[in-house]
1. What is the distance in Å between the Cα centroid of region B:184-206 and that of region A:192-215?
2. Compute the FRET efficiency between A:Ser221 and B:Asp85 as 1/(1 + (r/R0)^6), taking r as their Cβ-Cβ distance and R0 = 51 Å, and round to the nearest 0.05.
3. Which of the GluC sites (Glu not before Pro) across region A:60-165 are loop residues per DSSP, with 14 or fewer other Cβ within 10 Å?
4. Averaging sequence separations of C-alpha pairs under 8 Å and six or more residues apart, then dividing by the length of region A:125-215, give the relative contact order as a whole percent.
5. On average over all directions, what projected area in square nanometres does region B:74-128 have, based on the convex hull of its Cα atoms?
6. Only residues of region B:143-157 count here: report those whose backbone N is under 19 Å from the spot 7 Å along Cα→Cβ of B:Leu178, or say none.
7. Are there any chymotrypsin sites (Phe, Trp or Tyr not before Pro) in region B:1-103 that are in a DSSP loop and have at most 11 other Cβ atoms within 10 Å? List them by number.
8. So what are the three principal axis dimensions of region A:1-88 from its Cα atoms, in whole Å, longest to shortest?
Amino acid sequence: MSNSKSEELSSDIKYTLPEEDWMDVPVRMKKGMYCHGANENSLITVGFPNPRQWSSSETNWKLPENWQDIVLTGMAERLEKYRSFHIFMDICVRCGACADKCHFFLGTGDPKNMPVLRAELLRSIYRREFTTAGKLFGKFAGARELNEEVLREWWYYFFQCTECRRCSVFCPYGIDTAEITMIARELLNLLGLNIEWIAGPVANCYMKGNHLGLEPHTITSSVEFLTDEIEELTGIKIEPTFNRKGAEILFVTPSGDLFADPGTYTCMGYLMLFHELGLDYTWSTYASEGGNFGSFTSNEMGKRLNSKIYAEAKRLGVKWILGGECGHMWRVLNQYMDTWNGPADFLEVPVSPITGTVFENASSTKMVHISEFTADLLKHDRLEIAPSRNDHYKVTYHDSCNTSRGMGLLEEPRYIIKKVCNNFFEMPEHTIREKTFCCGSGSGLNASENMEMRLRGGFPRANAVKYVKNKYDVDMLACICAIDRAALTTIMDYWVPGVRVIGVTELLANAMKMKGENNRQTDLRGDPLLGAEGGDAEEESEDV
Amino acid sequence: MKILLPFLGVIGVVMVAFVGVELLNLRYLFGIIIPYAAFITFMAGVILHVLKWGRSAVPFCIPTTSGQQKSFPWVKRDRLDNPSDNLEVIGRMALEVFLFRSLFSNTSSSLKEDEGRLIHGSSKWLWGAGLAFHWTFFIVVFRHLRLFVDPIPSVLYLVDSLDGLMQLGVPVLYWTGLILLGSATYLFIRRVFIPQVRYISLPNDHFPLLLIIAIVLSGLLMRYFLKVDIIYVKDLTVGLFSLKPVITHNLGLIFYIHLFLVSVLLAYFPFSKLMHAAGVLLSPTRNMPNNSRRVRHINPWNYPVKVHTYEEYEDDFRDKMKKAGIPVEKE
């Protein structure tokens, strides 16, 4: 896509505000800014309430008659179940610190995308129904009635939040819009108001083990396809195992990695790394999804999907679990899995069989991040690395929202990148690490019918990439997230053409010399290596 | 309207005090009964609210991690922004409560529209004004304790002498009073003039600020211009504190206005956003350690859920699995 096209969207971003009070501005659902409603069958598969055929673009959403009761009862229940929700409804002072932190606000200029107003959409109803001041003083106290207009507003704006938590970093009270969006989506889900891009993968994952709905034989053949590619590149034949009992490690990664590039290159990276190490590990076709779209509908559905990982680890008798590169997957694994489906007392505290390092920080969940695992290998010099094999790239690194703000995995991937490539450039300080900007497509919003919303949401990220592209000629955006790999590719094509997206493990595999490999002429995706003809480009690796 | 109404509200509060004291001579009501009632409302309201929050469960360990996690000894971790145990959480919370650390990292983003370029810069105004406001408010309230106790503890003398370091005549000029007035005014002005902040502000965001500004103004008037006799004030306030309240002297209208404004603030507090003062301490994204892979967090309402078991899965796909060479449980 041309640059003139990218000006189409950026030129109408204005941070000017309407004259009317936000409560008096009716929601205008703009095509391209929202997703299709969930199919009846997707909801029936998992037993979600109020399944029906409905269309988000029509005015009649065929709501159940007592929908207000359902919402208010649901709110009351969740106020008791979640202190976060209860407190965040009460204590916001509207200081405005969060206002310009949201990528959707920065990309649309729509004031209801300011985190504070997104929360007020729900808070206004909370005040009216659950507080004395709201009951007595109504609008003066920021309260309003729950009606269908409000419900549409909720649906539009809570599926225009990626639960990225950037606002919560700056909030003086730690108010986390992700929590509020999660609760709002649970309430919408009670009315059957999900989006198909989430509900479909949830149903797939429940029945088939992964979001894409890959059946067991498709998983093995997808992996075989990748091992063929690897053989072509390196001359090494890799034969991974599936559902193998007695393996030491179960490996779980997002199914997206098996499906489309550039995720498939990252997946080839995993296969090559584990082969090179001689790791005693297995894939599972039952627990074939690291990600968890269930967590974008309700806490309970998140738990139901997540349960497969421990169940499979137990059935196969592995010692511990290794997880691939994914953002929200790691929010779930770090902050929810053990609570939901633990204790994993049938597993052992993870120990790297290569270095002997005990992963103390995962001693209860027994699940280790691939970047932790790899950083430890590199620290102990257990891999032969030729960073010059990434010399044809100028790389920057995008922290994914969840691994940074829901975990704090900031240094490990950077350590790997710096070890395996020579040209690494950071984006500006206010756009990385805990202040990283979302890809704009997270939390189940990476559909195609909402493309304008995604492009707008990706604008702040793209802007920072453009900065390093102009300054350092950066042409590769590294990340550790499957949704990033798919979504940022589209975002880059639109906003910063010429920049591609790469998984950290792909970078590693490019640079990793395997025992008995051919003289590689290209990298994993077929790009010719610099100085590949002579084959001596690899000599420089000595001093790293 | 959003600003006018709260403004009229504060004027109304002043008028009530004026009518009640000056015209109806209800000094006992405004000097003793209302302050007691307000204080009781404040205490009971805050305690009940906190108890209500406390009854809500904390099902998950959800700190917002704003720094490097604890992983390997050779990776430098961020103890304050990504605490891994309770001690570090105390450090994070202390910095949050006393120095507004999250707000300190605030940025401001602007769009260069002609180039389509976003610029993000550090922004410390809100942090600075907020910090000045809260700290001077605290010191001023603390200073007021000398009105309630007799004899006055030495720590109060110390605060008093520090606060009055810039002695500019008699009575001693307290710099905290001026900073409080200045910072509260700034916070109000930014609410009115920064378009985004004005847009998100509710009437009940303007009201407490205006109320506090009125309290400070009436206090300054009383101290520096209308000169209420402090000895007589102390008769009443020590009496209030020792639960033997008496009104012995004519204290002047301005004193009653000040006292009534404070009473309104106290009574308003538990029903408003001012509860952020207590809420911040309970905020799960700030007061929990990021150790949920190391220590299992227990959800008190965790319940069994319906899952799709491996056995059901194998039943669905057994033939396909066997064909693909994947081991199965039942042949």
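Throughout, read-outs are computed from the coordinates displayed, never taken from laboratory work. Given the structure is predicted, the values throughout are model-derived calculations rather than measurements. Reconstructed Cβ throughout: ideal geometry from the backbone, glycine too, with neighbour counts over all protein chains shown.
1. Between the Cα centre of region B:184-206 and that of region A:192-215, the gap is 45 Å.
2. On the way: r = 47 Å, r/R0 = 0.92.
Here the calculated transfer efficiency is 0.65.
3. On the way: sites: A:Glu65, A:Glu77, A:Glu80, A:Glu120, A:Glu129, A:Glu145, A:Glu148, A:Glu149, A:Glu153, A:Glu163; in loops: A:Glu65, A:Glu145, A:Glu163.
Answer in residue order: A:Glu65, A:Glu145.
4. Working: 71 pairs, mean separation 13.1, N = 91.
14 percent.
5. On the way: hull surface 23.2 nm².
Result: a mean projected hull area of 5.8 nm².
6. The answer is B:143, whose backbone nitrogens lie closer than 19 Å to the label point.
7. On the way: sites: B:Phe7, B:Phe18, B:Tyr28, B:Phe30, B:Tyr36, B:Phe39, B:Phe42, B:Trp53, B:Phe60, B:Trp74, B:Phe98, B:Phe100; in loops: B:Phe60, B:Trp74, B:Phe100.
Here the chymotrypsin sites (Phe, Trp or Tyr not before Pro) that fit, given the DSSP loop and packing criteria, are B:Trp74.
8. Largest to smallest, the principal-axis extents are 47, 36, 24 Å.
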